[in-house]
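A short worksheet on the structure shown next.
The values are calculated or read from the model by the stated rules, or taken from the named source; none is laboratory data. This one's a predicted model, so the numbers in the text were calculated from it and none came from an experiment. Heads up, the Cβs are rebuilt from the backbone with ideal geometry, glycines too, and the neighbour counts pull from every protein chain shown. With ligands, DNA and RNA removed, areas are computed over all heavy atoms of the protein, side chains included. Shrake-Rupley method; radii C 1.70, N 1.55, O 1.52, S 1.80 Å.
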Amino acid sequence: MKALITGASSGIGREIARLLAARGYELVLCARREDRLRQLVAELPTMCRVIAADIADEKECRLLYEAVRGDDLAVVVNNAGFGLFGPFTMTDLDDELRMIDVNIRAVHILTKLAVQDFVAQGRGYVLNVASAAGFLPGPLMATYYATKNYVLRLTEAVQEELRRAGSPVRICALCPGPVDTEFDKVAGVRFSVGGLSAQRVAREAVDGLFAGRGTVVPGAAMKAMTVARHFAPDCLLARITYHFQHRKNGT
């Protein structure tokens, strides 16, 4: 069986690759940085295929799936994504549109194609890496929070459709809070609270996916946040989120 992982060159994607390799999956690893993927392949105890692609490009995204689809593809992990910090009036529009292409468009394409094939095959797993940000409005990271809300809600909706159809196909949204990865550097932020290790987040994600869980929220603090948000209106959540976002050194 094979697993496709986007954004596999670092962070959560890299750790998920290691865990799936340990479970015996052959891996198809995708990212823009081929050299980083080659370094990872050298560490893994399984057969791997490296595909360097920019999935912000719809054509490349579709070609990626066509290159890996088949009866032996059993897992798709949509991990590629990035963030951007700053007031909405000041952040770069082209950067935001690229973020939408990676965080939403590519995830939608690969999820759609994989779920269609998996339903026809009668088995398969899709893991979409969203974020705890998907539960909240996100002033100062407005576009990023909105993209992760899309990923979370799409995954929840597809999960319910599959459940009602009695399908054995499983889809899961991973919703971590701060994680010790390269995300901070790319987004231009420094979190005021410590992040979980990528290894822990990946382990909870893989375990939750194969256990059939629809949503995985690693860490007690983030679990508490997802419960507490039900007791506050969105306008208050936006103010609270702004307070914590403003403390990030990204401007």
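Tally Lys/Arg at +1 and Asp/Glu at -1 over every other residue whose Cβ is under 14 Å from the Cβ of Glu58; what's the total?
So the environment of Glu58 carries a net charge of 0.
Collect residues whose amide H, placed 1.01 Å from N in the peptide plane, falls under 5 Å from the amide H of Leu73; neighbours closer than 5 in sequence don't count.
Lys2
What is the spin-label model distance, in nm, from Glu160 to Ala220 if the labels are put 7 Å beyond Cα along the C-beta direction?
Roughly 3.2 nm, to one decimal.
Under 1.5 on a/c is rounded, so check that first for region 1-85, then, if it is not, pick prolate when a/b is larger than b/c and oblate when it is not; a ≥ b ≥ c are the square roots of the alpha carbon gyration tensor eigenvalues.
oblate
How would the chain be classified by its alpha-carbon gyration tensor: rounded, prolate or oblate, with rounded meaning a/c under 1.5 and the a/b versus b/c comparison settling the rest?
The shape class here is prolate.
Leaving out ligands, DNA and RNA, and with a 1.4 Å probe, what % of the accessible surface on region 68-165 is carbon or sulfur? Show your work: numbers first, answer last.
Values: 2250 of 4100 Å².
Carbon and sulfur together cover 55 percent of it.
Quick one: Karplus J couplings for region 63-78, per residue in order, coefficients 6.51, -1.76, 1.60, θ = phi - 60°, nearest Hz, x for Gly and Pro?
Karplus values, whole Hz, x for Gly and Pro: 5, 4, 5, 4, 6, 10, 5, x, 5, 8, 7, 10, 9, 10, 10, 8.
For the modelled label position 7 Å from the Cα of Val119 along Cα-to-Cβ, which residues of region 133-176 have backbone nitrogen atoms closer than 17 Å?
Counting only backbone N, you get 154-172.
Quick one: which of 132-142, 57-67 comes out on top by average Cβ neighbours within 10 Å, and what's the full order, highest first?
Most protected by this proxy first, the peptides run 132-142, 57-67.
Can you spot the aspartates and glutamates whose alpha carbon is less than 20 Å from Lys223's alpha carbon? Ignore those fewer than 8 places along the same chain.
Glu156, Asp180, Glu204, Asp207, Asp234
If I model a spin label at Arg239 and Glu34 as a point 7 Å from the Cα along the Cα→Cβ vector, what separation in nanometres do I get?
The modelled label-to-label distance comes out at 5.3 nm.
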